[in-house]
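The values are calculated or read from the model by the stated rules, or taken from the named source; none is laboratory data. None of the values given here were measured: they were computed from a predicted structure. Note that we place each Cβ from the backbone using ideal geometry, even for glycine, and neighbour counts take in every protein chain shown.
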Amino acid sequence: MKLFSVFLMLYATHAANKFALDSDGEIRGVAPKDYSKYKPNKEGLFQCLDGKKKISFDRVNDDYCDCEDGSDEPGTSACNNSKFYCKNVGHIPVYIGSERVNDGVCDEECCDGSDEWSGITKCENRCKELGEVAKKKEKEQKEIYYMGGLEKERLKRKAKRMHLQLSKDMEAKIKEKGPLEKEVSELEKEKSTLETKEREIVSKLTESSLKMKQELYDKYKETAVSFRRFNLDKKNIMEGRVTALVGLLKDLAKDYNKEYDDKAVEKAIADYNKLLDMSFRVRLASNKGADDHPDIEDDNTRRIEEDSFTSSEAAANRYKYDAGELADDLKKLSEILAELENNYNRNYHDLAVKGATNEFLSLKKTWSESETSEAKKEAEAEKWDKTLQDATKKLIEIDQKSDKSSLPPEEDKIMKQLEKVKSDYYAKSSELSSINNNISSINETLLFDLGPDNIFLALKDQCVSIELSEYKYEVCFLGSATQIGIKDYANMNLGKFTKYGSIKTASGEEQIDYKKLSYLNGAHCWNGPARSLHVNLECGKETLVLSVMEPEKCEYHMKMKLPAVCPDLVGEQLQNAIKILDSEPIPDDTEKSVVNEAKTSSTEDVDLLEELVEDIGGDVVHDEL
Ligand code: MAN
């Protein structure tokens, strides 16, 4: 009854200002939470909300600003510092600046149109319609958060299993490593001992084979020297003869009478020129002057070439080859001159032709006189040649015997042992280095900051991509990012995952922002920086790249939706999720023991793992991977 009379009084005080109240009979522009502040005090006055002034109640919303804080005019535009409350029934209530009250514009935020209460501008009430849209959106968002949150719970479980599996694997590898290291070091010692023995055997072998070879060198050195001298002589004789015949043909070509047009002479000269073209030895002889003597062996060359069996034998064979080639040239030159001698036209009396043929016949006669003695020498040289060939064979045999494959049984056993130890050592060493690689790769993963609940571990090696007009962009979690040309398939490295973002808390502290991933140090940009990609993550029920931009040259920004960053489920939703996930089968590739442990393990297990990581020399890094 008392309350009713207060209201009556209130309405009476406002009778002079019919606009002070809204259609609900409440003070216009005031939020329900503040209604109590707009009640007359004991003296029936209104106290400005800053407490600085008291005014009579009819001055509330009288379109005149009385309070310093504008609190007496919540429903008009009289104060430039007051706020007008739009109830927006059916949608979300909002405050707008009171200068927007009755300004002739239907404010978007004030969907109930209450800001234009004067009636000059008519505003439709759109709150129901907007509220329904907003509610639908909210429902959808809730559904996304639930589905995303459920998937996140699934990922958390997976991350936990993977983390446990990794630490188990590491433990196992560390256990394996110790005995293997011992084995490798023992094998290394054994290998080194046997290698010392091997060196002794080889040096013994070399020593004995050198001795045997020296004996052969000594025995056959003289034969090699004789054979060398014989071949050198023969080569010199042949060279002299070739030079003589070349001289005849050279003079003939210069002096013959062309007017006779003797075909036999023309042919001899043409054949000679052909031979000049083909044989460098004939060319050499033709360049020699008439007074040049055949090369005379100098003492120094002889000393060098006859210094040893091998040098003598090598020189002998070289001279033998040269003599053979010269003998061929001599034969061809003789044939040219013999043909000329047979066929030239004797009626022409060409002195150059007669001179050449006569000289040829006389040289042939001289050479044939020494034929018998030359044949004798030749026969003897053939014997030397054979002896030397036998000696060479024996030398090769010695070399083959000094080869490790034909050793006495005792030494052969050592060599075979060494072979086996070496192969065991290499096999075990490679096993050890593969274990070490395994350990450091697991260690590297475990040292990463894998996000809250190690959630990013569950996504490791998973890649997401988007195709835009020119390029396909691919991002792999905890891995690399790539830009691939759609036309040319050219791959451009956009960087390796390096760090999360950072965010300042309200208290100004720096905190890791797991919703930002930075991929840095990609392929260098021509005239620009190394390429980099910055990914902004937002909650989504599925993993999806939304957009990629390149706001600065070679600096790419990507937006991605994924469940891993959705808000954690709580309360009933979480209980629901647990029921669903508990009923799901666990992937086959997970060890049973890991599954059980993951179910029961608490954060203490994670602490244990961190200890293990630290034991092997790691440190858990939280801001940079
Ligand atoms: C390539 C791409 C582009 C980049 C240019 C810079 O074409 O990686 O994204 O802007 O190189 O030269």
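With the checklist (1) aromatic (Phe, Trp, Tyr); (2) surrounded by fewer than 17 Cβ atoms within 10 Å (Cβ to Cβ); (3) at pLDDT 95 or above in hand, flag the one item TYR35 doesn't pass. Condition not satisfied by TYR35: (3).
Among the residues of region 393-425, write down those that are within 43 Å of the chain's Cα centre (by Cα) and small (Gly, Ala, Ser).
SER423
Among residues of region 464-488 that are within 15 Å of the ligand (Cβ to nearest atom), those with a beta-carbon under 6 Å from a residue that is part of a strand (DSSP E or B) and of a type in the set (Asp, Glu) at least six positions away or on a different chain give the pairs THR482/GLU474. Considering region 493-543 alone, what residues qualify as being within 27 Å of the chain's Cα centre (by Cα), of a type in the set (A, V, I, L, M) and within 17 Å of LYS561 (Cα to Cα)? Result: LEU517, LEU533, VAL535.
Scanning region 518-535 for residues that are within 14 Å of the ligand (Cβ to nearest atom) and not in a strand (DSSP E or B) gives GLY522, ALA523, CYS525, TRP526, ASN527, GLY528, PRO529, ARG531.
For region 57-75, the set of residues classified as in contact with a Ser or Thr (Cβ under 7 Å, 6 or more places away or on another chain) and either buried (at least 18 other Cβ atoms within 10 Å of the Cβ) or at pLDDT 95 or above (or both) consists of PHE57, ASN61, GLY70, SER71, GLU73, PRO74, listed by residue number. The numbered conditions (1) under 23 Å from ILE174 (Cβ atoms); (2) in the same structural domain as GLY495 (by the TED database) are all true for ASN437 except (2). Any residue at all in region 490-503 that's modelled with pLDDT of 95 or more, of a type in the set (D, E, K, R) and away from the ligand (no atom under 14 Å from the Cβ)? Looking for residues that are modelled with pLDDT of 95 or more, of a type in the set (D, E, K, R) and away from the ligand (no atom under 14 Å from the Cβ), one finds at least one in region 490-503, hence yes.
If I filter region 143-151 for residues that are surrounded by fewer than 15 Cβ atoms within 10 Å (Cβ to Cβ) and under 30 Å from PRO452 (Cβ atoms), do I get at least one hit? Spell out the reasoning first.
Pass one, region 143-151, residues surrounded by fewer than 15 Cβ atoms within 10 Å (Cβ to Cβ): 143.
Narrowing further to those that are under 30 Å from PRO452 (Cβ atoms): 143.
Yes, some residue in region 143-151 is surrounded by fewer than 15 Cβ atoms within 10 Å (Cβ to Cβ) and under 30 Å from PRO452 (Cβ atoms).
Answer yes or no as to whether GLU538 is outside any loop (DSSP other than H, G, I, E, B), away from the ligand (no atom under 12 Å from the Cβ), free of Cβ contacts under 8 Å to residues at least 24 places away in the same chain and on the phi < 0 side of the Ramachandran plot. Taking the combined requirement at face value, the residue does not satisfy it.
Region 212-314 holds helices (runs of 4 or more DSSP H) entirely within its bounds, and those carrying 1 or more residues that are of a type in the set (Ser, Thr, Tyr) and in contact (Cβ under 8 Å) with a residue 40 or more places away in the chain map to 263-278, 280-287.
Mind checking whether some residue in region 91-106 is at positive phi and without any contact (Cβ under 8 Å) to a residue 24 or more places away in the chain? The answer is yes; a qualifying residue exists. Restricting attention to region 435-464, the residues that are over 22 Å from the mean Cα position of the chain (by Cα) and at positive phi total 3.
Please go through region 541-550 and pick out each residue that is more than 9 Å from the ligand (Cβ to nearest atom) and either buried (at least 18 other Cβ atoms within 10 Å of the Cβ) or not hydrophobic (A, V, I, L, M, F, W, C) (or both).
LYS541, GLU542, THR543, VAL545, SER547, VAL548, listed by residue number.
Checked against (1) surrounded by fewer than 16 Cβ atoms within 10 Å (Cβ to Cβ); (2) under 60 Å from the mean Cα position of the chain (by Cα); (3) modelled with pLDDT of 95 or more, ASP322 passes all but condition (1). Can you confirm whether ALA506 is within 30 Å of LEU569 (Cα to Cα), crowded, with 16+ Cβ neighbours inside 10 Å and of a type in the set (Gly, Ala, Ser)? Criteria not met by ALA506.
Taking the stated definitions as given, is ALA458 within 16 Å of the ligand (Cβ to nearest atom), within 30 Å of LEU164 (Cβ to Cβ) and buried (at least 17 other Cβ atoms within 10 Å of the Cβ)?
It is false that ALA458 is within 16 Å of the ligand (Cβ to nearest atom), within 30 Å of LEU164 (Cβ to Cβ) and buried (at least 17 other Cβ atoms within 10 Å of the Cβ).
Considered as a group, the residues in region 551-575 that are surrounded by 11 or more Cβ atoms within 10 Å (Cβ to Cβ) and among the aliphatic types (A, V, I, L, M) include one that is farthest from the ligand (Cβ to nearest atom), and that residue is LEU574.
Taking the criterion of being in a loop (DSSP other than H, G, I, E, B) and hydroxyl-bearing (Ser, Thr, Tyr), the only residue of region 541-575 that qualifies is THR543.
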